[in-house]
Each structure stands twice: as structure tokens, then as C-alpha cells.
Amino acid sequence: MVRERGKSSHGEKKHRKWINRDREATNELLVRDYFAPDSLYDLSKFEEHFRINSNLFLRLARHLERNYVFFQLRWDGKGKRGFTIIQKCTVALRQLGYGITADTSDEYLKISERTGRDCTYIFCEYVIELYRDIYLRHPTKSDIEQLSAAHQAKHGFPGMLGSTDCTHWE
């Protein structure tokens, strides 16, 4: 038996359950927690939670918003406001930084699994497109020398270039 799309096995039409995720309130909470001048969390907590410096986060968000329609604030067909650039970048960075699944973001960010997955995929695609020539190239001899010198100055010993273990070094 072949079922028509959108119909149950008994022939009645299936309706997807709509969940009011209150995007505006969630955005206000996110701004109040991390981006307001008197935010709940300070810069060190921001870096701990986002795995990125707040200035870099905001610069990256501005570049994405300026260059790609997906990251611009839009309204849907019913006149509901979409997710902000901060919400979209936050869900992507949380998934990438913590290795969490897309549905985990629904609790705090109120973003569905599908939207969260889309944000992360498109975030990665566009970051690569924007920064490939600058940051995603093979390092030159000069780059390696500068990285090694900066590492030795900060940590007091040479090496660790190319080691993923150094990412959590205190």
C-alpha cells in the first residue's frame, strides 16, 4: 500500500505540531546573558562557553550577515521574525565547539533540530568561503616561524605545531 504524502495510514491528513519557540524572547535572553554591556557572563565565560573570543565572534557574525542572505534577519510568510545572526552563529558554534547534536540547542536557544543543523552546515560552508584564502591555506615558512615564536613566548617551550592536544593547554 502506498500512502500519499502528508496522510496517515487511515487516510486522514497529518498535521505537524507547531511549537511556539518565542524567538524574540530567546534572542533577548542570549543578548542579556552574553552581549549586553552588563551581561550575566563576563568575557572569560564567553570564551569558555563559545570556544571563541567575543570580538572574533561579533566580527565573524558581521561578515556573515553582510555577505549572505541566510544570516540576515528576515520575516516568514506569516510575518514572524526569524532568528537573529547571534542566534544562528551561537547554535553553530555550540554544535561545533561541544560536538552536541542539533536537537540539544532547542532547550536554551529554542531552535529546532532542523534549523540548528541548517545553521551549522551553512555557517561552515560560508566561513570556509569567506576565509579560505586567508586562514585555510597551507602555512608559509614565515607563518610557521611566527606561530612557533608566539607559542614559545606564551607557554615557555617550543613545539606543538600541528598537535591538537595543545588546544586545551592551560
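What follows is calculated from the coordinates using simple rules that are stated; it is not laboratory data. Remember, it's a predicted structure, so these values are computed and weren't measured experimentally. Neighbour counts are summed over all protein chains in view; Cβ atoms, including those assigned to glycine, are modelled from backbone coordinates with ideal geometry.
Bin width 10 Å, alpha-carbon pairs only: give the P(r) of segment 27-118 as whole percents, running from 0 to the bin holding the largest distance.
16, 49, 32, 3
Straight distance only, please: which aspartates and glutamates reach the Cα of K13 with their own Cα at less than 15 Å, same-chain residues fewer than 8 apart left out?
Hits, sequence-local ones excluded: E4.
Need one word for segment 65-135: rounded, prolate or oblate. Basis is the Cα gyration tensor (sqrt eigenvalues a ≥ b ≥ c); a/c below 1.5 gives rounded, then a/b vs b/c decides.
Oblate, because a/c is 1.5 or more while a/b does not exceed b/c.
Distance check, please: which entries in K14/K110; K88/K154; K45/K78; K45/K110; K17/K88; K17/K110 exceed 26 angstrom between their Cα atoms?
K88/K154; K45/K78
In Å, what Rg and Dmax follow from the Cα atoms of segment 44-168?
When restricted to the Cα atoms of segment 44-168, Rg and Dmax are 17.4, 59 Å.
Taking N as the number of residues in segment 31-83, what value does Rg over Cα atoms divided by 2.2 N^0.38 Å take?
1.38
What is the calculated FRET efficiency for L29 to T140, with r their C-beta to C-beta distance and R₀ = 45 Å, to the nearest 0.05?
0.55
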